[in-house]
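First comes the structure, then the notes that go with it.
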Amino acid sequence: MSDYDLVIGRGTVVTPADMFRSDIRIAEGRIQAIGLGLKGARTLDADGMLVMPGGVDTHCHIEQLREDGGTDEETFVTGSTSALAGGTTSVITFATSSRSAASEGVAKGRIDPCEFVRLTASNPARLFGLYPRKGTIAPGADADLVMWDATKRVTITNTLLQHVIDYTPYEGLEVTGWPVATIRRGEIVMRDGKVPADLGTVRDDQANQPAAGWFRCQCVPDVKRKREFAMLGRERSASCRDDVARQSWYEFWGG
């Protein structure tokens, strides 16, 4: 089976409805098979880890156009880095912190891992028409996954979150449960907190529509039309087709 890109082996797979021990085989950016004893060209050992769908964050302020013509401090590059470091693989620009939710919810027994997946991945994916391509673990779904160490204890610092903002309200908070690897369409994009320096491009889609195309991360809003786009809740990338306004969701994608 050397034609398969990656096998995530020996993990506990968590879906919106079930938890079970299984391997996951990935090819061409999608989940190809789920089962025991799967083989591939590369293997990522997930023994002792929870393997969940990558998070879908539906309220992010990333290069968002403001009334004064400026944009948010967080760029797609810095926002992507922070999101991938935390196990989030898709964002919708307008945040909840999955890392603190796991500690306060799952680790303290308030919710189970399946409910955590519903809250952070499957429900927001359904809300924006991305499910079942996003938000679950099943053959045919995008291979957007996070490996979670449910027993790892971490003290949150602003540096650890890898965003450009110079503070976090969670500074000094000790949490239990932390992402140790993030897989985006079959590519390992975070391992032990390290994210590649060059995240390349992002993908721009409309919900329930085919892919709208590819463009570079640096999305520059059209200041001349700022009021129109602000009223519509839309953003524009300078490298998209001219005068095409789309209310879009963004998926991190290496170029």
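To one decimal place, what orientation-averaged projected area in nm² is obtained for the convex hull of the Cα set of the range 3-60?
Averaging across all directions leaves 4.8 nm² for the Cα convex hull.
How about the range 1-52: which trypsin sites (Lys or Arg not before Pro) there lie in a loop by DSSP and see at most 13 other Cβ atoms within 10 Å? It would help to have the intermediate numbers written out before the result.
Working: sites: 10, 21, 25, 30, 39, 42; in loops: 39, 42.
Qualifying residues, ordered by number: 39, 42.
With +1 assigned to the C-beta of every Lys and Arg and -1 to the C-beta of every Asp and Glu, and no other charges, what is the dipole magnitude of the range 6-191 about the Cα centre in debye, to the nearest 20?
880
What net charge do the residues around residue 158 carry, taking every other residue with its C-beta under 10 Å from that of residue 158, with Lys and Arg at +1 and Asp and Glu at -1?
Around residue 158, the charge tally is -2.
Could you tell me the calculated FRET efficiency between residue 20 and residue 59, based on Cβ-Cβ distance and R0 = 45 angstrom, to the nearest 0.05?
My answer for the efficiency is 0.90.
Read the figures in this text as sums done on the coordinates, not as results from a lab. Note that this is a predicted model, so its numbers are computed, not measured. Neighbour counts are summed over all protein chains in view; Cβ atoms, including those assigned to glycine, are modelled from backbone coordinates with ideal geometry.
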